[in-house]
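Colleague: Here it is, the structure in full.
The values are calculated or read from the model by the stated rules, or taken from the named source; none is laboratory data. What you are looking at is a predicted structure, and each value in this text was computed from that prediction instead of being measured. Here the Cβ positions follow ideal geometry from the backbone for every residue, glycine too, while neighbour counts run over all protein chains shown.
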């Protein structure tokens, strides 16, 4: 009969990642809608997932208050760099089209609980949040805007470090950004560094760790060289919690660990305590 010979229709399958978030720390399955409503924090273990720059800004800035600056500043290719697979310029172009941002950080003026600030958020999707010439210039312009407007600067970092495709030009951004922040300090203006997972390499060795207040989200990876590099160099096994925000807080490198849901309120309260903001 027909039903013995007719091939069964393939069942409709929806990819797991379209419906569920699978926590990379504990493996828990959470419905995507619930996970997004919880600010991309696992409700089971509290692991903080990565936010895009736009998502971070939306979470922190008062609705409709963010006005982007330096949007025309993009990456340069001083070495005409090409690896085995493609040219750096082509990779940057493809990344811009995919992420819809021009560099690894988005900066602009904003208000946090009605307090005027200059806010910047790095985006790990843009070449691992690497520090390139465009990133450094955007941070410089953000710091200069904060200096002219006499308001606090807040930078949220998420980076694998300096952008190797730009060579020494990338490393020069470490000094450039720190110099810009020092000019703020010279005028008594507040700079708050918010470190998110991961903050490593040349970013951790420059503007991420020179805040008047250095804070981080829970379980954030913060460090310079990787664990394997350090263990190979010193011939010792490192503690499991090494390079986590909790470890750094315990050893005096951080001022505070703040959960994502509390971050906006914490920043507003801190700015009011440390400045004349109303």
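Colleague: Take the residues in segment 141-152 that are in a loop (DSSP other than H, G, I, E, B) and over 21 Å from the mean Cα position of the chain (by Cα); name whichever of them is nearest to residue 267 (Cα to Cα).
Modeller: Among those residues, the one meeting the criterion is 151.
Colleague: Suppose we filter segment 224-265 for residues that are within 16 Å of residue 111 (Cα to Cα) and more than 18 Å from the chain's Cα centre (by Cα); how many remain?
Modeller: Kept after step one, since they are within 16 Å of residue 111 (Cα to Cα), are these residues of segment 224-265: 263-265.
Applying the additional criterion that residues be more than 18 Å from the chain's Cα centre (by Cα) yields 265.
Adding up the residues that qualify gives 1.
Colleague: Here's something else I'd like to know. Looking for whichever is touching a strand residue (DSSP E or B) at 6+ places or on another chain (Cβ under 6 Å) and over 21 Å from residue 161 (Cα atoms) here; the options are 260, 272. Which one fits? Quick ask: steps written out before the conclusion?
Modeller: Values: 272 fails: touching a strand residue (DSSP E or B) at 6+ places or on another chain (Cβ under 6 Å).
Answer to the check: 260.
Colleague: Test residue 138 against the stated conditions and say whether it is assigned by TED's automatic domain parsing to the domain that holds residue 270, farther than 15 Å from residue 106 by Cα and touching a strand residue (DSSP E or B) at 6+ places or on another chain (Cβ under 9 Å). Step through it out loud before you land on a result.
Modeller: On the way: assigned by TED's automatic domain parsing to the domain that holds residue 270: yes; farther than 15 Å from residue 106 by Cα: no; touching a strand residue (DSSP E or B) at 6+ places or on another chain (Cβ under 9 Å): yes.
No: the conditions fail for residue 138.
Colleague: Go through 259, 175, 268, 216 for me and flag whichever is surrounded by 22 or more Cβ atoms within 10 Å (Cβ to Cβ), assigned by TED's automatic domain parsing to the domain that holds residue 105 and within 25 Å of residue 117 (Cβ to Cβ).
Modeller: On the way: 259 fails: surrounded by 22 or more Cβ atoms within 10 Å (Cβ to Cβ); 175 fails: surrounded by 22 or more Cβ atoms within 10 Å (Cβ to Cβ); 268 fails: surrounded by 22 or more Cβ atoms within 10 Å (Cβ to Cβ).
None of the other options fit; the residue is 216.
Colleague: Now a separate question. Name the helices (runs of 4 or more DSSP H) wholly within segment 153-252 that hold at least 3 residues that are out of contact with any helix residue (DSSP H, G or I) (no Cβ under 7 Å at 6 or more places or on another chain) and free of Cβ contacts under 8 Å to residues at least 60 places away in the same chain?
Modeller: Working: elements: 168-186, 201-204, 227-234, 245-250.
Per the criteria, 168-186, 227-234, 245-250.
Colleague: Tell me which of these residue 129 doesn't satisfy, since it passes every other one: (1) under 18 Å from the mean Cα position of the chain (by Cα); (2) surrounded by fewer than 24 Cβ atoms within 10 Å (Cβ to Cβ); (3) on the phi > 0 side of the Ramachandran plot.
Modeller: Result: residue 129 fails condition (2) only.
Colleague: Which ones in segment 242-257 are over 14 Å from residue 197 (Cβ atoms) and in contact with a strand residue (DSSP E or B) (Cβ under 8 Å, 6 or more places away or on another chain)?
Modeller: 249, 253, 255, 256
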